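Inspection log for the structure reproduced underneath, given as structure tokens.
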């Protein structure tokens, strides 16, 4: 069963020239917490022109990370510069919808999105499956022509067993996403 | 057709006779008919400009999925230019084509229906129009990649913010002048007829909406993002700006449709030859739409970090509730048309298809809301361009075309040149834009993010389908423009009337509806024009001449449409003129 929860807290603006008095978000809205019970993985995502930076990430590749299937992943998403979209998807098959979820990355705010990646028969025949991350809010193009359309990243999903754990540990140089346990409220 | 020379102009029409007078009239139109014609011409110019941008986008997307550019580098084409044209396409289509054409219709029908036949504050209206023209030209020349407020703190060139400010001030002037035209010489016992009521409601809603976005733009100009080193304010808060943008944008989305909302009701009654069922309900709908049009905006912030009760409760409820008055309005129109055996010309075809476009476009807005349980994320995918094209192209521009085919010939004093071309326009526009919209929807459902130049190859066939649809729609618009030009130059003159027949019929049928519903009050007037009440305006006489199905005469040599054009071109090249005297 897949569960999607979009939740939010507010944080101080961290952009250059930030003036505290202009942050109307802080103190106005209540902080909503992700509703998770049991173990969950934590991955930090920083969006900036024009790349996604995961922490923790695959050794030498900050735009790729590996998480375990069947344990909810808490993505903590922020933007370092302008508004981006953290959009995770697989391409659809003609008229069928692809797998997709997403959340905005708005400067000055931190977004949470929780997703419990499920193994599918085809995806796990090779022992792992791959999800494509794309920026879904136009964030500009450089003079070279590169920019928003090529701002993407990769999430690998491995099974929650000894093989998957070994693969994750090897690829991420032992710096794997922490697995916390308990209820967030 | 009479053999005597016919005075084509309307009795109150005193047009300029010298070149200087014509130029002066173009810059400063004093009469409502000339001002309306001027706006119509500019609306068509903007349609051509923005449509060209759109065709470029579709052609690029239809020929490449890897981001390889069309071979137009010598024209300065680049990836940046591609995204610039995307912004210009949206801005010029909204604020150029739809606003200007909508204002053209509104400025024509308000004085006409009220019987004042007067432009209230010509200087303000003309100033507003030229500010919009200047603003949009500045937008196109501003070198900006993206829209103005909802993507901050992305930084636009300073000229873009100034251009948007100029353009919105111009739009506000046009709205104020239109409201003044609706209220000038208003008598204490005068009420607005349905088309005027829709226009007044629309102008008030949009006038309020524009204030929020103008505030946002001025705030940006005065901040470090403005580029003038003024730095009076700090970088604006992103979420506040997104809210300001969308608050303004939702009245904007409905602006064009509401301008002609009352006219569509009238034309349905005229085609059906019976009063609307029911006039009282339409007036309730106008009030409800006014409130709801400014509450729907929140659903645009479905994935934003805003309080969850705003996002999930308010947005969801507001968006679903606005469907109610729309459905009621369409139901009333369709009930009125039912079993009436109307004349299915291009105008009515466009009207009915526009209703279908609104229903489909509105229904497909629902998945754009935050529905976690549905596990269906289409926010920021091509689903959104699909939705907006349904609402703007098929619905709003569709109603415009319906109204224009009904009103423009009489405004020009001539019969529509070619009903066949009009039907080709309808088919081309509906099928072309329908193909584009359907392709966008499928791509969105498959997960393709919008505003891209490269994508997986699996999406490419749908872009090819959208490209073919876009070019078909463009071809149909060329047919529309040709038809209007030919009507103006070579259309068969119609007997001049002080007031177009559709105005009298509309007023009479609306009055009959009030009598039927028991809300008729003889002490209240809805127009200064004398009009008989009820079906007697329609039944004794055939429908207006220009919507009759004209049996085409046998085509002689040199009489076909293309032969006529060729002959005119030949005459033009030889300098023998193209005046009416040369008409075969």
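The values are calculated or read from the model by the stated rules, or taken from the named source; none is laboratory data. For clarity, every value in this text was computed on a predicted model and none was experimentally measured. Heads up, the Cβs are rebuilt from the backbone with ideal geometry, glycines too, and the neighbour counts pull from every protein chain shown.
Determine whether residue A:87 is in a strand (DSSP E or B), modelled with pLDDT of 80 or more and at the interface with another protein chain (Cβ under 7 Å from one of its Cβ atoms). Let's see the steps before the verdict.
On the way: in a strand (DSSP E or B): yes; modelled with pLDDT of 80 or more: yes; at the interface with another protein chain (Cβ under 7 Å from one of its Cβ atoms): yes.
Against the criterion (in a strand (DSSP E or B), modelled with pLDDT of 80 or more and at the interface with another protein chain (Cβ under 7 Å from one of its Cβ atoms)), residue A:87 qualifies.
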Kindly list the number of the only condition in (1) surrounded by fewer than 24 Cβ atoms within 10 Å (Cβ to Cβ); (2) more than 14 Å from every other protein chain (Cβ to nearest Cβ) that fails for residue B:402.
(1)
Can you find a residue in the stretch B:136-147 that is modelled with pLDDT of 90 or more, crowded, with 22+ Cβ neighbours inside 10 Å and assigned to a helix (DSSP H, G or I)?
yes
Do you know which residues across the stretch B:152-190 are at pLDDT 95 or above and not in a helix (DSSP H, G or I)?
none
In the stretch B:449-486, what count of residues is obtained for those that are more than 14 Å from residue B:57 (Cα to Cα) and at the interface with chain A (Cβ under 8 Å from one of its Cβ atoms)?
4
Quick one: how many residues across the stretch A:139-158 are surrounded by fewer than 19 Cβ atoms within 10 Å (Cβ to Cβ) and out of contact with any strand residue (DSSP E or B) (no Cβ under 6 Å at 6 or more places or on another chain)?
6
Kindly establish whether residue B:184 is more than 14 Å from every other protein chain (Cβ to nearest Cβ), at negative phi and out of contact with any helix residue (DSSP H, G or I) (no Cβ under 7 Å at 6 or more places or on another chain).
yes
